[in-house]
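Okay, so here's the structure we're looking at.
The values are calculated or read from the model by the stated rules, or taken from the named source; none is laboratory data. From a predicted model like this one, the values you see are computed outputs, not experimental measurements. Heads up, the Cβs are rebuilt from the backbone with ideal geometry, glycines too, and the neighbour counts pull from every protein chain shown. Ligands, DNA and RNA are stripped out before the accessible areas are found, and what is left, the full protein with its side chains, is counted by its heavy atoms. Shrake-Rupley method; radii C 1.70, N 1.55, O 1.52, S 1.80 Å.
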Amino acid sequence: MSAVEPQAGVAVAAGGAAADTAAHAGNLAVYLREAAKRIDEACVRCGRCVEVCPVRPLSALKDADPVATVANVLDALVRDARLDDGAAGWIRSCNSCGICIDECPEKINPRRMLTLSTTKLASEGTKTPELFKRMSRSIKLMLAMQVIPEEFKRLFIPEPRRSVPFVFYAGCNPLKTPHLLFNTMMVLDALGIDYAFAGGPSACCGVIAAKWEGQIEQGGRVAQSVMRRFDKFEPQRVLNWCPTCEIHLGETLGGFTESGFQFDHVTNLLVERLDAGELCFTHPLPRRVVLHGHVGSGAQVTNNVARLLGAIPKLEVVEILWEQAYTCGASGCAKTPELAKREHAGQVEAAQRHGVDAFVTLYHGCHQAILSAAKGLGLDVLNFTDLLVEAMGATPHADANKTLRALDDWALVAETAGPWLKANGVDIDADFLRENGAEIFSAAEFRGGLACLGGEAKFGVSRAGGPRRQAQASTPSADS
């Protein structure tokens, strides 16, 4: 058994995963404390990571001294010093772009330093109460609005144990955009890949408990649980989709658990099969598109997707529009909303300037963010998986997320989604969806919102007139 291999594109350096295989007896608090000490010992406090940080001009870090800021972050992380405003602002606004990693002369991975600091701050008091519960319920609701019962079960109900060479791991929130996952599985199926699917709240990587809720012990158990779930399939590779799971399992917790498989991004496998002549795109797509991309650990995935799209006959990628965050969404660009708004507006303007046929997105969070940014502008927003499936001569899975957003009327959304929800066993009042739909679709739980899905919240009176029903959160168990 060996430590999980970090995904390509995730840096492991001094203070990184490979250095933290010391005996921690499965105790995540001990593991993270040792990781922090290693970073503290290796850092020379040059301040270069602060100087190159793209969020600096838009946060409390703006006028802070770079050297003093790094010193303060490490003193707080390792020696419980009080954080000043600049250091605290840097920690809270870090969008994990990873630009600092290549710039660090000691290769200590400043992103990991800030992630550890975020986890410590959360353990002292979270701003996102009941996040896992609220997120899990919103995932179940959004998935149930978009797919038929057979598809709902495929993504939400854990597969039974069997031996396969691959596991396709979605993570949690990608289930809010299920068409991306079904498209990817269409490609894997066409390639004859034998794989099991793992995803949804019951297969959480543990980042919510550890980094957001500050429940470090629980976060460790959840991370170990999902690794055991992978191991039950005896895979050679786990093909990951979610960029947050990538960083959490492959970088922040790299070496915390041991396993016999490679943790890899699904696009790496697709590029390998493309190079081997096994993945063929036989249907020309005479379109001009722009591709939304991310720097840092997202750069390899972006470049993989560019390679795949470049192999489609007659498809022209006019430009890759790079964003300075590892992903869109709560853990990425949303950490610095002003920067995200500016970059998304600039990308939409670039797409309009080029007069393209489509704006192509990368991850699930990107897809939802660009759908919002391009709303009402006449841009066709597609995910790269839509184009892969179409170029193989098949029909992409319907993007119900986009369809529902385009209705722009929560009463109409409630009416449209009602039969789908009921078919999937989620029977709620239309009034509930009308009142809370905007928060549900904007992932407000990551901003401390969606209290309607917290506690013992009930969604509404069943249509049969019976008691109110609750969409239960799927909490990972030790045997998940």
Scanning the stretch 183-233 residue by residue, those under 19 Å from the mean Cα position of the chain (by Cα), small (Gly, Ala, Ser) and under 24 Å from Leu279 (Cβ atoms) turn out to be Ala198, Gly199
Within the stretch 287-297, residues being open to solvent by 30 Å² or more (accessible area, probe 1.4 Å) and part of a strand (DSSP E or B) number 2
Residue pairs within 6 Å by beta carbon, gap of at least six or interchain, first lying in the stretch 425-445 and farther than 20 Å from His364 by Cβ and basic (Lys, Arg), second at pLDDT below 95 and open to solvent by less than 30 Å² (accessible area, probe 1.4 Å), listed first then second, are Arg434/Ala414
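Look through the stretch 233-254, keep the residues that are among the charged types (D, E, K, R) and more than 19 Å from Gly220 (Cα to Cα), and return whichever of them is least open to solvent (accessible area, probe 1.4 Å).
Checked the stretch 233-254; the qualifying residue least open to solvent (accessible area, probe 1.4 Å) is Arg237.
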Of the residues in the stretch 57-77 that are surrounded by fewer than 22 Cβ atoms within 10 Å (Cβ to Cβ) and touching a Gly at 6+ places or on another chain (Cβ under 6 Å), the one that is farthest from Arg38 (Cα to Cα) is Ala60
Of the listed residues (Arg154, Arg162), the one being in a loop (DSSP other than H, G, I, E, B) and either over 17 Å from the mean Cα position of the chain (by Cα) or closer than 21 Å to Arg56 by Cβ (or both) is Arg162
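Listed residues Ser138, Ser96, Ser123; which is at pLDDT 95 or above, hydroxyl-bearing (Ser, Thr, Tyr) and buried (at least 17 other Cβ atoms within 10 Å of the Cβ)? Let's see the steps before the verdict.
Details: Ser96 fails: at pLDDT 95 or above; Ser123 fails: at pLDDT 95 or above.
After applying the criteria, what remains is Ser138.
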Condition set open to solvent by 20 Å² or more (accessible area, probe 1.4 Å) and under 26 Å from Leu131 (Cα atoms), scope the stretch 298-340, selection farthest from the chain's Cα centre (by Cα): answer is Glu338
When Asn109 is run through (1) surrounded by fewer than 24 Cβ atoms within 10 Å (Cβ to Cβ); (2) at positive phi, the failure sits at (1)
Taking the stretch 255-286 and the residues there that are open to solvent by less than 60 Å² (accessible area, probe 1.4 Å) and among the charged types (D, E, K, R), the one that is farthest from the chain's Cα centre (by Cα) would be Arg273
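Those residues that are closer than 16 Å to Ala29 by Cα and not in a loop (DSSP other than H, G, I, E, B), I need them from the stretch 252-272; list them, please.
Thr252
Pull up the stretch 341-380, narrow it to residues that are β-branched (Val, Ile, Thr) and either open to solvent by 20 Å² or more (accessible area, probe 1.4 Å) or not in a helix (DSSP H, G or I) (or both), then point me to the one that is nearest to Lys176 (Cα to Cα). I'd like the intermediate steps shown before the answer.
So the first thing to find is which residues in the stretch 341-380 are β-branched (Val, Ile, Thr), and the list is 348, 356, 360-361, 370.
If we keep only those that are either open to solvent by 20 Å² or more (accessible area, probe 1.4 Å) or not in a helix (DSSP H, G or I) (or both) too, we end up with 356, 360-361.
Working: Val356: 27, Val360: 18, Thr361: 15 Å.
Here the residue is Thr361.
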Of the residues in the stretch 90-113, those that are farther than 16 Å from Trp212 by Cα, out of contact with any Cys (no Cβ under 7 Å at 6 or more places or on another chain) and of a type outside the set (A, V, I, L, M, F, W, C) come to Gly98, Asp102, Lys107, Asn109
Subset of the stretch 401-449, residues under 19 Å from the mean Cα position of the chain (by Cα) and of a type in the set (Val, Ile, Thr), comes to Ile440
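With respect to Gly329, is the statement that it is in contact (Cβ under 8 Å) with a residue 60 or more places away in the chain and either in a loop (DSSP other than H, G, I, E, B) or closer than 22 Å to Trp90 by Cβ (or both) true? Full working, then the answer.
Working: in contact (Cβ under 8 Å) with a residue 60 or more places away in the chain: yes; either in a loop (DSSP other than H, G, I, E, B) or closer than 22 Å to Trp90 by Cβ (or both): yes.
It is true that Gly329 is in contact (Cβ under 8 Å) with a residue 60 or more places away in the chain and either in a loop (DSSP other than H, G, I, E, B) or closer than 22 Å to Trp90 by Cβ (or both).
Could you identify the single residue in Gly192, Gly171 that is small (Gly, Ala, Ser), on the phi > 0 side of the Ramachandran plot and open to solvent by 10 Å² or more (accessible area, probe 1.4 Å)? Lay out the reasoning, then the answer.
On the way: Gly171 fails: open to solvent by 10 Å² or more (accessible area, probe 1.4 Å).
Of the residues listed, the single one that is small (Gly, Ala, Ser), on the phi > 0 side of the Ramachandran plot and open to solvent by 10 Å² or more (accessible area, probe 1.4 Å) is Gly192.
Among the residues of the stretch 393-406, are any more than 24 Å from Gly329 (Cβ to Cβ) and of a type in the set (Lys, Arg)? Steps first, answer last, please.
So in the stretch 393-406, the residues more than 24 Å from Gly329 (Cβ to Cβ) come out as 393-395.
Right, trim to of a type in the set (Lys, Arg) and you get none.
The answer is no; no qualifying residue exists.
Yes or no, residue by residue, for (1) without any contact (Cβ under 8 Å) to a residue 60 or more places away in the chain; (2) in contact with a Leu (Cβ under 6 Å, 6 or more places away or on another chain):
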site	(1), (2)
Ser136	no, no
Pro149	no, no
Asn173	no, no
Phe182	no, no
Cys205	yes, yes
Ile208	no, yes
Lys211	no, no
Only one of (1) crowded, with 23+ Cβ neighbours inside 10 Å; (2) in contact with a strand residue (DSSP E or B) (Cβ under 7 Å, 6 or more places away or on another chain); (3) not small (Gly, Ala, Ser) does not apply to Leu155, and that is (1)
